[in-house]
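K.L.:
To start, I am sharing the structure in question, which I have written as C-alpha cells.
Bear in mind that the values in this text are calculations on the coordinates, not laboratory data. Remember, predicted model here, so these are calculated numbers, not experimental data. We place every Cβ from the backbone using ideal geometry, glycine too, and count neighbours over all the protein chains shown.
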Amino acid sequence: MNEDNIPVTPDNGSNENSNPPGNGAEIQLTVPFADQSKDIFTGLIETLKLVLLKPTYFFKNYQMGGAIGKSLLFAVIVGWFSGTISLLLAKVSDPDWSEMIRKIFPELENLGNAAPPSQFQSILSFIMIPVGIMIGLFFISLIFHGVMSLLQGANRSFETTFNIVAYASASSLLRIIPVIGGPASAIYGIVLNAIGLSEGHRTDRWKGVVAALIPYLLCIICLLAFFQAMGGVDGLTEFIRNSQ
Amino acid sequence: MKLIVLQRKKGELNLPLIYGAIALLLGVMAYMLHLQNRMPLMRCPFKAFTGIPCPTCGSTRLVQGIFSADLPTAFAFNPLLFLTGFALIAWVVYGVTMLFYRRRLQLVLSPKEGLVFRLGIVAVFLVNWVYLIAAGV
C-alpha cells in the first residue's frame, strides 16, 4: 500500500532529479531512454547497456517510479525487434525443438504439427506483437507486485514494478542469439527481474528472487513431480530409451 | 482498518480501466472463438504429470460456461476465478467513477490487519485448490 515518495523528474533535460538532498529523499538518475535531452536511439543503447551489463547499479540508482510511458515504449521496441529477428533466425538455424519434445513425450503428438500460418496471419502476428508485449507486461507486473505485496516487499508503487519489468525485458534481446538465445533470455530475465524487484523496491534480495521465480516455480514443481513419477534418473533413462 | 479518499494526482494511472480494457479485449477474442466452436481446451501439463489439477484448472470451461449463460456450472469449475471475474467488474466500475470524481480510495491497514489480510489471501487460494482437487475438476 506504500506509495513512492520520489517525485517524478521534471523534463528539463537534466540528468538528475531535482530533489534536494539532505531531507531524507534519495537522488535518483533519469533513465537514459526517458531523458528528453537524448535522442531515442542513444537513450535506447545506453539503457540497454546499463540494464544488461550493470543491472544492480541501474535498478538501484535510476528512477523506477513515476510515469510508465517511456518504459512501455522501451519494452515494445526491444521486444518487437528481438521477436522479429529471433523468428527469422528460427527459420534458418534453430533445431526442431517440437520434434525433440515429441520423441520424449509421444502423447504430445500434435505439438508443432499445426498448419503453417498464411501470409495474412504472419503479417497480423507481426502487427499484434506490441499488443501482446503490452498485455504481457501488465499481466506479469500484476503477478510480481501481488507476490511482493504478500511478502511485504512492495515498498513502492505498482508503477515501480511495471517499470522494472519493462526495463528487465531487455533480456529478450538475447533471443537473437541462435539456438541458445531463448533459454538464455529466459534465465537472464529471471535474474534481471530478481535484481530489479529487490533493488527497485528497496527490499531483501530473496523477496525479489521469490517474486521473479513464481511464474517458473509451478513449472519446476511440475518437472520434479514428473521426475518423481518416472522413478528418478533410472526410470527417466529407461523411458527415453523406450520412446526412441 | 481505514478507508480514506485521496485526490488523484495528475498523470496517475487508472489501473482498473487498463486491466478492464485488457480483460475486455481477451474476452471478445475468447467469445469469437467460442462462437466458432474453436475455443482451445488446453491440456494442463501439471495435471497431466501429477494427476491433480493446478490452481487455474477449469478456467477454459468456466469461460465456456459463462458464454453459455450457465453460471452455476461455470462457478463449479473454479469458484475463485469466477469470483475474481466479478471482483474485476466491480474494480472497473470503480475505475470509471475515478474518471469523473478524480478521487481514489486507499485501504489503510495496521501491520496486524495486513498480516491477516495476506494470510487470508493465501488461505482462500489454498482452499480453492483443495476444492479443485476434491471435485476432480
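K.L.:
Less than 27 Å apart at the alpha-carbon level, and either on another chain or at least 8 residues along: which lysines does that give for B:LYS112?
P.N.:
A:LYS207, B:LYS2
K.L.:
Which lysines does A:LYS38 reach when only Cα atoms under 22 Å apart count, and residues fewer than 8 places away in its own chain are ignored?
P.N.:
A:LYS49, A:LYS54, A:LYS60, A:LYS70
K.L.:
Kirkwood Rh over alpha-carbon pairs of the stretch B:97-137, then Stokes-Einstein at 10 °C and 1.306 mPa s: what D in µm² s⁻¹, rounded to an integer?
P.N.:
Working: Rh = 13.0 Å.
Once the numbers are plugged in, D ends up at 122 µm²/s.
K.L.:
Which three extents, in angstrom, do the Cα atoms of the stretch A:156-219 have along their principal axes, listed largest first?
P.N.:
Sorted from largest, the Cα extents of the stretch A:156-219 read 37, 23, 15 Å.
K.L.:
Right, something else. Once you keep just the Cα pairs under 8 angstrom separated by 6 or more residues, what percentage relative contact order results for chain B?
P.N.:
Working: 111 pairs, mean separation 57.6, N = 137.
Across chain B, relative contact order equals 42 percent.
K.L.:
Right, something else. Taking neighbour counts of Cβ atoms within 10 Å as a proxy for exposure, in what order, fewest first, do B:LEU62, A:LEU151, B:LEU26 appear?
P.N.:
Values: B:LEU62 23, A:LEU151 18, B:LEU26 13.
If I rank by nearby Cβ atoms, fewest first, I get B:LEU26, A:LEU151, B:LEU62.
K.L.:
Here is a follow-up. Does the stretch B:17-121 classify as rounded, prolate or oblate by the C-alpha gyration tensor (a ≥ b ≥ c root eigenvalues; a/c under 1.5 gives rounded; else a/b over b/c gives prolate, otherwise oblate)?
P.N.:
On the way: a/c = 2.64, a/b = 1.35, b/c = 1.96.
Here the stretch B:17-121 falls in the oblate category.
K.L.:
Moving on. Can you list the residues, at least 5 places off or on another chain, whose amide H is less than 5 Å from the amide H of A:TYR62, using H built in the peptide plane?
P.N.:
A:LEU29
K.L.:
What spacing in nm lies between the two simple spin-label points modelled at B:PHE125 and B:ALA23, each 7 Å away from Cα in the Cβ direction?
P.N.:
1.9
K.L.:
Here's another thing I want to ask about it. Specify the longest stretch of chain B that does not include any exposed loop site, a site being one of the trypsin sites (Lys or Arg not before Pro) with a non-H, G, I, E, B DSSP assignment and at most 16 other Cβ atoms within 10 Å. Mind dumping the intermediate values first?
P.N.:
Working: sites that count: B:ARG8, B:LYS9, B:LYS10, B:ARG38, B:ARG43, B:ARG102.
The longest uninterrupted stretch comes out as B:44-101.
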